[in-house]
Amino acid sequence: MPQGLSGTDQLRTSKSFAYIPDSVQTDQDLPAWRDFFKDQYLVALIDTAIRTNLDLKVAVQRIYQAQAGFRYSRQLFFPTVNARAGLGTTRFGDYTVDGVGNFDTNLSNNITEEQRIPGPVPDLFLGLETSWEAGFAGKLRNRKRAAQARYLSSQFGRQHVQTNVVAGVARLYYELLALDNEIKIVRQNQELQQQALDIVSIQKQSGQINELAVKQFQVQLLQTKAIEAELVQMATATENQLNFLLGRFPQRILRADTLVIASQLEVVTTSLPAQLIQNRPDIRQAEQQLRANEAQLKAARASFYPGLNLSGFVALNGFNPSFFINPASLAYTATGSITAPLFNRNAIRNEYWMQAAERKQAFYNYQQTVLQGASEVSSFYNRMMGYQRVGDFKQQEVAELKTATVIANDLFLTGYANYLEVLMVRRNVLEAEIQYAEANKEFLYAYVDLYKALGGGWR
């Protein structure tokens with residue numbers, strides 16, 4: 001018989017996450033998503049998604065399917081009992097063993113008139129049949145364990161889908177807020193650019209500047225309007241994506257009128273790598289799938305051993321309808337047999353090696369999921385902190401550029417700066433404000449992704 005796996009496969013996690021301060025890594029439980037997200041509009045959207053998202057509904061059906069498989073595996077421990085009623089007739093040929101035997105029997109003096117065999121011969125059967133396979137070497141027990149592990153895996157799979165849905169809704173919601181904020185920025189700049197255009201138009205009429213300057217200001221205004229049109233289209237597309245996650249047709253998304261600020265966010269502290277295995281449902285799902293494959297491998301190994309099969313029936317059976325409901329028509333049988341693979345051992349051996357390979361694949365998948373989880377926590381935490389610093393610098397840049405705008409306007413009106421310098425400063429202000437909004441959006445993305453990477457969203 002092929003030798004089993006050595007059992008030396010082990011997965012060891014590091015004591016802490018790399019590139020994350022130890023003071024941030026705590027053993028505290030993650031908050032539930034209702035407590036983690038402070039925006040009531042977002043909470044309402046997530047609640048709707050959990051109830052109506054189609055991926056989650058599919059995941060629930062997978063749970064029912066796995067649950068049915070587990071119940072079926074438990075029934076294999078018990079005999080099957082079936083009720084059977086049958087009615088048939090047979091006409092034996094005159095030159096057959098049965099035909100000649102029946103004819104000769106009817107001539108015998110040892111039978112009564114009621115026992116004479118008619119021709120054709122009716123056959124009435126009403127009774128119970130049973131069969132039972134008693135597997136050796138834990139074959140049925142391991143099949144049950146495999147089904148149970150697959151059932152648990154489906155439950156963790158549903159939780160994993162929910163974490164993706166919660167994170168997806170939050171990301172799209174924050175993207176909508178960021179786009180709204182960028183549209184406000186662009187429209188405010190449009191008003192300032194329109195005012196500047198009006199001023200240079202007056203100056204052109206008075207002969208202070210030429211037509212080229214006016215055209216440059218007009219071009220800048222048109223570019224800003226084009227940016228607004230693009231942002232509005234992006235906001236509509238984002239709303240449609242969010243409605244798709246909510247399992248509904250496109251409609252207006254109710255949301256806050258300002259971008260999220262730091263005071264509205266839950267402070268994120270990371271857990272330890274060892275806790276990550278318990279918190280992340282995708283890791284738990286991979287773990288249960290590994291256990292299912294291990295149990296299935298043991299069941300395949302047990303197929304090399306003999307099996308005990310029991311069968312039988314008890315029924316009323318007869319060919320004379322007049323005496324069918326009669327104690328004399330009672331019939332029963334009970335048989336038992338032990339079967340062992342002989343010529344089909346190669347097929348069983350190939351099945352065993354196939355299960356061994358699937359078990360190895362499940363272990364590597366489990367290992368990969370754990371490594372990916374640890375990598376995501378470190379990456380998203382540093383990404384979040386990085387964009388927080390980028391946002392701080394961009395905020396300072398915007399403040400400096402707005403001051404420069406005032407100075408440029410004053411210098412332009414007094415003749416100490418030309419219109420190109422004014423245009424350059426205004427363009428830089430718009431770019432810096434949009435970059436600041438984008439930095440805030442990326443910070444919120446990393447904030448949500450870190451929460452998901454830690455295993456948040458399914459509670």
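Each distinct pair of alpha carbons in the chain adds a 1/r term; the inverse of their mean, the Kirkwood radius, is 29.8 Å. Note on the stretch 267-423: with charges restricted to the Cβ of Lys and Arg (+1) and Asp and Glu (-1), its dipole about the Cα centre is near 960 debye.
The charge dipole of the chain, taken about its Cα centre with unit charges on the Cβ atoms of Lys, Arg (+1), Asp and Glu (-1) only, comes to about 1220 debye. Restriction of the chymotrypsin sites (Phe, Trp or Tyr not before Pro) in the stretch 349-457 to DSSP coil positions whose beta-carbon has at most 12 other beta-carbons within 10 angstrom yields TYR416. Of the residues SER378, SER131, SER153, SER108, the one with the fewest other Cβ atoms within 10 Å heads the list, and the complete ranking is SER108, SER131, SER378, SER153.
In terms of the mean number of neighbouring beta-carbon atoms within 10 Å, the peptides 339-350, 309-320, 156-167 order highest first as 156-167, 309-320, 339-350. Scanning the chain for DSSP H helices at least 27 Å long along the axis (C-alpha atoms) with a Kyte-Doolittle mean no lower than 0.0 picks out 211-245. As I understand it, the dipole of the stretch 57-171 uses +1 on the Cβ of Lys and Arg and -1 on the Cβ of Asp and Glu, about the Cα centre. Which of GLN75, ALA170, TRP132 lies farthest toward its positive end? Looking along the dipole axis, the top candidate is ALA170. Helical content alone sets the calculated 222 nm signal of the chain at -22500 deg cm²/dmol, taking -39,500 (n - 2.57) per DSSP H segment of four or more residues and averaging over every residue. Using only side-chain charges placed at the Cβ, +1 for Lys and Arg and -1 for Asp and Glu, the dipole size of the stretch 404-459 relative to its Cα centre rounds to 280 debye. Neighbour counts of other Cβ atoms within 10 Å put TRP132, TRP33 in the fewest-to-most order TRP132, TRP33. Is the stretch 152-229 best put as rounded, prolate or oblate by its Cα gyration tensor, with a ≥ b ≥ c the root eigenvalues, rounded for a/c under 1.5, and otherwise prolate when a/b is larger than b/c, oblate when not? It comes out prolate by the Cα gyration axes.
Only the coordinates and a few stated rules stand behind these numbers; no lab work does. Please read these numbers as outputs of a predicted model, since none were measured by experiment. Positions of Cβ are backbone-derived with ideal geometry, glycine not excepted, and every protein chain shown enters the neighbour counts.
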